[in-house]
1. So, in segment 174-192, how many residues would count as being within 15 Å of ligand 2 (Cβ to nearest atom) and out of contact with any Asp or Glu (no Cβ under 8 Å at 6 or more places or on another chain)?
2. Return the pair list, or none, for Cβ contacts closer than 8 Å from residues in segment 185-198 that are outside the structural domain of Ser246 (by TED's automatic domain parsing) and open to solvent by 20 Å² or more (accessible area, probe 1.4 Å) to residues that are of a type in the set (Phe, Trp, Tyr) and within 11 Å of ligand 1 (Cβ to nearest atom), at least 6 apart or on different chains.
3. So, restricting to helices (runs of 4 or more DSSP H) that lie completely within segment 33-134, which ones have at least 1 residues that are touching a residue at least 24 places away in the same chain (Cβ under 8 Å), among the acidic types (Asp, Glu) and in the same structural domain as Val150 (by TED's automatic domain parsing)?
4. Please go through segment 70-100 and pick out each residue that is open to solvent by 30 Å² or more (accessible area, probe 1.4 Å) and among the hydrophobic types (A, V, I, L, M, F, W, C).
5. Can you say whether Ser113 is at pLDDT below 95 and under 26 Å from Arg184 (Cα atoms), as far as the supplied structure shows?
6. Of the conditions (1) within 21 Å of Ala44 (Cβ to Cβ); (2) under 16 Å from the mean Cα position of the chain (by Cα); (3) open to solvent by 40 Å² or more (accessible area, probe 1.4 Å), Glu154 satisfies every one except a single condition; which number is it?
7. Quick one: which of Gly250, Gly262, Gly266 is open to solvent by less than 60 Å² (accessible area, probe 1.4 Å) and of a type in the set (Gly, Ala, Ser)?
8. Consider Met224 carefully, then state whether it is in contact with a Lys or Arg (Cβ under 8 Å, 6 or more places away or on another chain), under 22 Å from Glu261 (Cβ atoms) and surrounded by fewer than 20 Cβ atoms within 10 Å (Cβ to Cβ).
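The values are calculated or read from the model by the stated rules, or taken from the named source; none is laboratory data. From a predicted model like this one, the values you see are computed outputs, not experimental measurements. Heads up, the Cβs are rebuilt from the backbone with ideal geometry, glycines too, and the neighbour counts pull from every protein chain shown. To get the accessible areas, we keep the full protein, side chains included, count just its heavy atoms, and leave off ligands, DNA and RNA. Shrake-Rupley method; radii C 1.70, N 1.55, O 1.52, S 1.80 Å.
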Amino acid sequence: MDHILSGIKPTGQLTLGNYIGAINKFVKLQDSGESFLFIADLHALTLPIEPEVLRTNSRDLAAFYLAAGLDPNKSNIFLQSDVSAHAELAIILQNYLYMGELSRMTQFKDKSSKMKEEAIGLGLFAYPVLMAADIVLYDSKVIPVGEDQVQHVELARDLVKRFNNRYGDVLVMPRAEVNKVGARIMSLSDPTKKMSKSDPKGDIYLKDDPAVMRKKIMSAVTDMEAHVHYDPEKQPGISNLMTILSCLTGKSFDEIEKEFEGKGYGDFKRAVADAVVNELEPLQQRAKQIIDSGLVDEVLEKGAKRANEIASGVLSRVQKAIGLYHK
Ligand code: ATP
Ligand code: MG
């Protein structure tokens, strides 16, 4: 059975982008292999975050994983910081990734662009090193991510090639698994930018009040074309809303275009708002029940136990291969 690996950073409230691009995909894949789905709390430290916020977000994230339908008997859900092999392996792998390639990463450029160099932490620059460690630690072949993370998975593939050329067949080659539709949900207020939980502009949060979700969708930026048509270049806002509707209802773009032929954007937006609320309102209720039930701690403990078993084996294999003393 293939291993599946992915994580989400507890940096802020989860967005509809995280749900469509990542969480929903994890649920669809969970019967095709053993999943290792972690809460990337070490990655969340790459930009300043308050301890209490980090703790709350981490617990919420685990609850939303479960509420979305991840079954703790099939998927291992755990905190990245509960498996020390992530940090240990990253220290080793940083010697096999280079400054030049790390400085070309889009995420680093985006996140550091508005910062003074003196304030950019080394961890933000080295983010893809830790992510490569996350990926290879579970011998995982399948890495479900949104489009923005594909570049990091490609870098992990380069690292595996480089490492195995030097030491033999030590690491398993991963590949990114990306949605055909919904790999990049855009901001509702600026549909040329990705929706991101750390950038509140144009986000729909999974925890938003349904009335707020509706309001955000009804005021989403569109265009003057006055027809519902999929064309991300000319109609990025409408195309983004069509993507959201398609992902949540299973309708194709053709079906959506036909359904709204001759109708105004108001009708179309109302249908998108209905689909979003129908999906997220029950999800919120389940997440709340899960938090109140105390299930999260139990699931995280069980997940970390299994994750540690696999990760410690892979870490030893790497240590042995590179000549660290091993009895
Ligand atoms: P941050 O702003 O802190 O980077 P984020 O919303 O980008 O937050 P991440 O924790 O970086 O979330 O990413 C978690 C997963 O969600 C990744 O697989 C990422 O590719 C996916 N993802 C993030 N944003 C989107 C989006 N707008 N559309 C589709 N997938 C997304
Ligand atoms: Mg991100």
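1. Qualifying residue count, segment 174-192: 2.
2. Final answer for the pair search is Lys197/Tyr205.
3. Where helices (runs of 4 or more DSSP H) fall fully within segment 33-134 and carry at least 1 residues being touching a residue at least 24 places away in the same chain (Cβ under 8 Å), among the acidic types (Asp, Glu) and in the same structural domain as Val150 (by TED's automatic domain parsing), they are 41-44, 51-67, 85-93, 99-103.
4. Leu79, Ala87, Ile91, Met99 - these are the residues of segment 70-100 that are open to solvent by 30 Å² or more (accessible area, probe 1.4 Å) and among the hydrophobic types (A, V, I, L, M, F, W, C).
5. So Ser113 passes the test.
6. (1)
7. Gly266
8. Judged against the criteria, Met224 is not a match.
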